[in-house]
Amino acid sequence: MSDKRKVLFVVTNHEELGDTGKKTGYFLREVSYPYKAISEAGYSIDFVSPKGGPAPMDPNSNDMDDEVNKAFTDDKSIMNRLQNTMSPNEINPDDYAAIMYAGGHGTVWDFPDCEALSKIAVNIYERGGVLGAICHGPAGLVNMRLSDGSFLVAGKRVSAFTDDEERHVKLENVVPFLLASTLEERGAIHTKAENFKPHVEIDGRLVTAQNPPSAKSMGEAMVKVLSEN
C-alpha cells in the first residue's frame, strides 16, 4: 500500500434539504481540514461523487473566517475539481491508498444507495486500504457490504452525527433516516462525545468522526492510519 500516494474523497451531489426549500451539500470544513492534513502528508487527492460533475457546498458551512476554509476555497484548482468531480465509473480502486466520505446533509440522500461507490470503497478496504467517513459521510457505510455479504460496519466501532445532534439542528424529521440509529441497526457499535464536541473513532483501518468540530482530528487520524499501513 505504501507506494500508493492517492486518496479519494467522496462528496455529495445532492443540494435540496428535503422539502424545506433550503439548500445543502457537502460541509466545507469536513472537506477542507482532511484535505489539508492528507495533502500535507504527501498524498494527492481526487474527488468523486455519486453522479460525477458539480458537488454543491452547504451554504451554512461557508465560513470564510476560518483560515483553512479560506485557503481551500481560494484554491481555484480545488474548486474547479469540486465542480467537475469524477463519476464512479472513472475510478480505478487500485490507484488509491484510502477513500474518505465527506459529510454534509446532502449525503443522506445520495450516498446510501450508490452501489458503484460502495464497491470502490470495499475494494480499497479489503485490499488493505483505509476507509474514512465524517459526520453524515457514514451514510455511505449504512448499506455497504463486504464481499462475504456482511455489513461492513457490523461489530465495528463507528462514530457519526448523532441522533441528538440531528434533533438539536431540528432536522430529525427532514432527513430520510437517523444516521446513528441506522448504523446501529446494521450492527455498528456507535461511539460519541457530547453534542458538537470533537470525536474520532479508529477501528483498525476504519476511521470515522462525529461532526464538523471533529474535522481537524479526522484529517490527522487518516494520516496516522495511512502511515501505519
Give the residue, chosen from D58, D74, D94, D66, that is of a type outside the set (V, I, T) and under 30 Å from G204 (Cα atoms). D94
Which of the residues belonging to region 129-149 are surrounded by fewer than 24 Cβ atoms within 10 Å (Cβ to Cβ) and part of a helix (DSSP H, G or I)? none
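Check G219, G187, G155 and return the single one that is in a loop (DSSP other than H, G, I, E, B), at pLDDT 95 or above and open to solvent by less than 40 Å² (accessible area, probe 1.4 Å).
G187
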Report, by residue number, each residue of region 118-128 that is at negative phi and either surrounded by fewer than 24 Cβ atoms within 10 Å (Cβ to Cβ) or hydroxyl-bearing (S, T, Y) (or both). S118, K119, I120, V122, N123, Y125, E126, R127
Among the residues of region 202-214, are any closer than 21 Å to G42 by Cα, touching a Lys or Arg at 6+ places or on another chain (Cβ under 9 Å) and in a helix (DSSP H, G or I)? no
Report every pair of residues separated by at least 6 positions or lying on different chains whose Cβ atoms are under 6 Å apart, first residue within region 44-57 and closer than 18 Å to P34 by Cα, second part of a strand (DSSP E or B) and open to solvent by 20 Å² or more (accessible area, probe 1.4 Å). S44/K6; V48/M86
Of all residues being under 23 Å from G128 (Cβ atoms) and among the acidic types (D, E) in region 190-216, which is surrounded by the fewest Cβ atoms within 10 Å (Cβ to Cβ)? Just the residue, please. D203
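The values are calculated or read from the model by the stated rules, or taken from the named source; none is laboratory data. Given the structure is predicted, the values throughout are model-derived calculations rather than measurements. Every residue, glycine among them, receives a Cβ derived from its backbone with ideal geometry; neighbour counts consider all protein chains shown. Just so you know, the surface numbers come from the protein's heavy atoms only, side chains and all, with ligands and any DNA or RNA stripped out. Shrake-Rupley method; radii C 1.70, N 1.55, O 1.52, S 1.80 Å.
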